[in-house]
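The values are calculated or read from the model by the stated rules, or taken from the named source; none is laboratory data. All figures in this text were calculated on a predicted structure; none of them were measured in a lab. Cβ placement follows ideal geometry from the backbone for every residue including glycine, while neighbour counts extend to all protein chains displayed.
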Amino acid sequence: MEKEMFVNIILITVLFFTVIKKSKRSLHMFQQNLYNENNRYIKWLKNNIKEGFYYLDLITLPLILLSMFFDNTFGLALKIAVLFLLILECSNIDEAILGEKQKKPLVITSRVKRQMFTLYLINLIPYIILLLNIRKENIDNIALLTSNILLILNYLLVAVVNIINTPIERGVYYYYWYKARRKLKTLTNLESIGITGSYGKTSSKNILNSILSIAYITHPTPKNFNTDVGLMRTINNDLDKFDEIFIAEMGAYRVGRIKNSCKLVKPKYGLLTTIGKAHLETFKTEENIIRTKFELIESLPSDGIAFLNMDDKKQVNYKLKNKVKVIWYAVDNEKASVYAKNIKCTSKGSEFDVKFKDEDKLYHFETKLLGRHNISNIISSLAVGHEFRIPVEKLQIAVKEIQPIEHRLELKKLGKMYQIDDAYNSNPVGAKIALEVLNMMDGTKVVVTPGMIELGCEQEKANYEFGNQIANVADHVILVGEKQTKPIYDGLIDNKYDKKKIIITNDVRETYKMVNNLKSVNKDIYALYENDLPDNYNELNK
């Protein structure tokens, strides 16, 4: 009996060590799925049952159950077999993590640490019960069985822990919320500008920052920190008394989130980019998306100013529920307060003329940025800059100095090819614009893409249409992820695209070699990398 208990204690210890290993993967997916916001993690788990319930865990359970019926050498042999299976599982997890292409590894934030603490504490319960009741008959077998079940349920347990930790997370959230509000009240010279839309938020934020910073001390939210948590972190850690303009990018996956961000930031100015069907899966309806984006405008004070896109019919047709000054911007629409015309684009950049409604003359602008949508983003920022009384001469200088934005139609030379890096666009509008840019290039045109996601019931249709559009532009196509890109493939084939010019791979790393190996007689190769899916969509890891 003492030998069996000793083996059981070793097994429980190894089981806990295996939990730690496995939790690195489950918590990574939990974080990738925004801590289960809108049940994203649960939906991911439903679609990835094989990863969530690992086969070696399922094998060890019947072996442990069977060993409990044999109080002899055979029972002991079964438990030793379980021990070797657990060691094998730990080795497999390590190899899988090393072999994965993780675009964004698990970030050990304070929230993840709290999640780990609760998760590990639950998994230690069988061990604690065993130590406290070590003389009771069969307690070691019960503890062993319980430990094994907890290991099997690890991915599901992560979601349970999230529920358990909810009161703590709310307390932490409100602590930093009120801290940010108190700090903003002390910054009496600070003006806040909110930016939202389905597409182009980050690009517009960076462009606006480049333009306004020529005359003011500006502070934009970093990277794509566009949730209320990201806003709180920026306010608490980065804003200071010298800042004059806070440019707050505001994103959302459900109704009410932008309104919540506005309660925190209290912007006087609001800028809408373009409203489309991004994140339709979580919003459910297009009406919810429109209503959510206009939460920014309808949260502005009575003396606030809204900058709206006249090229977007959804914005033009929307009936505002508050009275604020509206400044319309557009491309080739003379009804707008600020609009662009005479647009010329090349592989080196763009040039265009701008008309401000309160002035008679046209002003010429040049930029390194590519694409009509970037012209729209620049025009929106020029509308803001003009309202802030920045002289046109300074605006022209600022626009000329704007640098291409990382992963958003960023043109760069890699080996024998020119890469058009559009990794952060996952929507039909952005993809169509990117193809327009590719089509302008004088050379062999290649599209590399894993397709678009989070479009709900319209995702398959959108990717099929994307395939149709690619067929009219690209000389070669590389699809990343066979299952994910099936609708794109069907769209290409139905549009009579040559099968020999389609390559399918599950590893985006291989595509760079594939593109550079393409034959192109006396022509440059331009490869559009459209979208880059997060790790929870990576078919290479499955």
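At a glance:
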read-out	value
Selection count, the range 182-199, where residues are free of Cβ contacts under 8 Å to residues at least 24 places away in the same chain and polar (S, T, N, Q)	1
Output for the range 249-291, where each listed residue is surrounded by 19 or more Cβ atoms within 10 Å (Cβ to Cβ) and in contact with a Cys (Cβ under 9 Å, 6 or more places away or on another chain)	250, 270, 280
Among the candidates 101, 79, 136, 113, residue that is surrounded by fewer than 17 Cβ atoms within 10 Å (Cβ to Cβ), of a type in the set (D, E, K, R) and modelled with pLDDT of 85 or more	113
Members of the range 129-152 found to be part of a helix (DSSP H, G or I) and more than 17 Å from residue 18 (Cα to Cα), listed by number	129, 130, 131, 132, 139, 140, 141, 142
Failed item, numbered, when residue 301 is tested on (1) surrounded by 15 or more Cβ atoms within 10 Å (Cβ to Cβ); (2) part of a loop (DSSP other than H, G, I, E, B)	(1)
Residues (modelled with pLDDT of 85 or more and farther than 14 Å from residue 488 by Cα) located in the range 436-460	436, 437, 438, 439, 441, 443, 444, 445, 446
Selection from the range 343-386 of residues that are among the charged types (D, E, K, R), at pLDDT 95 or above and buried (at least 16 other Cβ atoms within 10 Å of the Cβ)	355
Residues being out of contact with any Gly (no Cβ under 8 Å at 6 or more places or on another chain), under 16 Å from residue 329 (Cβ atoms) and touching a residue at least 40 places away in the same chain (Cβ under 8 Å) - total across the range 352-402	16
Test: residue in the range 336-357 that is in a loop (DSSP other than H, G, I, E, B) and among the acidic types (Asp, Glu)	no
Number of the condition not met by residue 404 [criteria: (1) of a type outside the set (Lys, Arg); (2) in contact with an Asp or Glu (Cβ under 6 Å, 6 or more places away or on another chain); (3) at pLDDT 95 or above]	(3)
Options 164, 214, 149, 168: the member that is over 30 Å from residue 127 (Cβ atoms) and either touching a residue at least 12 places away in the same chain (Cβ under 8 Å) or assigned by TED's automatic domain parsing to the domain that holds residue 291 (or both)	214
Single residue of the range 507-541 satisfying the filter (under 20 Å from the mean Cα position of the chain (by Cα) and in a loop (DSSP other than H, G, I, E, B)) that is modelled with the lowest pLDDT	534
Qualifying residue in the range 367-381 (condition: part of a strand (DSSP E or B) and either of a type outside the set (A, V, I, L, M, F, W, C) or not assigned by TED's automatic domain parsing to the domain that holds residue 441 (or both))	yes
Hits in the range 415-434 (condition: surrounded by fewer than 20 Cβ atoms within 10 Å (Cβ to Cβ), closer than 18 Å to residue 488 by Cβ and either out of contact with any strand residue (DSSP E or B) (no Cβ under 7 Å at 6 or more places or on another chain) or not assigned by TED's automatic domain parsing to the domain that holds residue 510 (or both))	432
Wholly within the range 203-273, strands (runs of 3 or more DSSP E) carrying at least 2 residues that are under 23 Å from residue 324 (Cα atoms) and in contact with a helix residue (DSSP H, G or I) (Cβ under 8 Å, 6 or more places away or on another chain)	245-249, 269-272
When residues of the range 218-249 are limited to those that are among the aliphatic types (A, V, I, L, M) and modelled with pLDDT of 95 or more, the one farthest from residue 206 (Cα to Cα)	232
